[in-house]
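**Q** The structure follows.
The values are calculated or read from the model by the stated rules, or taken from the named source; none is laboratory data. From a predicted model like this one, the values you see are computed outputs, not experimental measurements. Quick reminder, even Gly has a Cβ in these numbers, built from the backbone with ideal geometry, and neighbours come from all protein chains shown. All accessible areas refer to the heavy atoms of the entire protein, side chains included, with ligands and DNA or RNA removed. Shrake-Rupley method; radii C 1.70, N 1.55, O 1.52, S 1.80 Å.
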Amino acid sequence: LSDDDVGALDWPLDGAVIYRFGVQTQPNGTSLRWNGIALSARPGTPVQAVRDGTVVLAGPFEGYGPTVVVSHGGGFYTLYLYLEEIGVVQGRRVVAGQVVGTVGGRGTPEGPHIEFQIRAPSAEGVPTAQDPLRWLRSRGGAP
């Protein structure tokens, strides 16, 4: 990934956006910070890598269940959270469009979905969560 990819990435799956990046205030007044977007889909729907990279995590991730994290070099990462099954091996290369896993999230309040995150380098050198909707290709009429 690079700054040239803003607005150019394919979606990891074709699903409705059920929550967006950023702080959202709940009906009871509490605030939640989402570090990515949630995309709803049927359990078992294939989830695809949005760019070539190396799998740096393919396994459980605390609080998110089965997770795949892909490093794209230069401090850029994509995260695929709440998977049902993982379809890649840690340490291996993936190509854009390759299936990294399937939709899970059955036990969450949102129902079956994935959370998709993008991390980019910050001034402090720590990969920082970005709004994925800035990076993903417009779906024409979709949020």
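**Q** Step by step: find N for the chain, compute 2.2 N^0.38 Å, then divide the Cα radius of gyration by it. What's the final number?
**A** 0.99
**Q** Something else now. Taking the Cα centre of the stretch 1-110 as origin and charging only Cβ (+1 Lys, Arg; -1 Asp, Glu), how large is the dipole, in debye to the nearest 20?
**A** That gives the stretch 1-110 a dipole magnitude of about 200 debye.
**Q** Right, next: With springs connecting C-alpha atoms under 10 Å apart, model the chain as a Gaussian network and identify which of 47, 95, 55 has the largest mean-square fluctuation.
**A** Of 47, 95, 55, the most mobile in the Gaussian network model is 95.
**Q** Just the number, please: carbon plus sulfur as a percent of the accessible area of the chain, 1.4 Å probe, no ligands or DNA/RNA counted.
**A** The computed percentage sits at 50.
**Q** Expressed in nm to one decimal, what extension gain is obtained for the pair residue 25 and residue 128 from 0.36 nm per residue of sequence separation less their Cα-Cα distance?
**A** 34.9 nm
**Q** I've got another one for you. Between residue 137 and residue 62, what FRET efficiency follows from the Cβ-Cβ distance if R0 is 30 Å, with the result rounded to 0.05?
**A** After rounding to 0.05, the efficiency reads 0.45.
**Q** Return the sequence-ordered ³J(HN,Hα) values of the stretch 12-23 in whole Hz as given by the Karplus equation 6.51 cos²θ - 1.76 cosθ + 1.60 applied to θ = phi - 60°, using x for Gly and Pro.
**A** Result, ordered by residue: x, 6, 9, x, 6, 7, 9, 8, 10, 4, x, 8 Hz.
**Q** Here's something else I'd like to know. Highest first, please rank the peptides 129-135, 28-34, 118-124 by the mean number of other Cβ atoms sitting within 10 Å of their residues.
**A** Highest-to-lowest ranking by the protection proxy: 129-135, 118-124, 28-34.
**Q** Considering Cα pairs under 8 angstrom that are at least six residues apart, work out the relative contact order of the stretch 51-143 and quote it in whole percent.
**A** 24 percent
**Q** Sequence-distant or interchain residues sharing an amide H contact under 5 Å with residue 85, placed H: which?
**A** Excluding prolines and chain starts, which carry no amide H, the hits are 102.
**Q** Moving on to the next point. Using modelled backbone amide H atoms (1.01 Å from N, in-plane), which distant-in-sequence or interchain residues come within less than 5 Å of residue 45's amide H?
**A** HN-HN under 5 Å from residue 45: 103.
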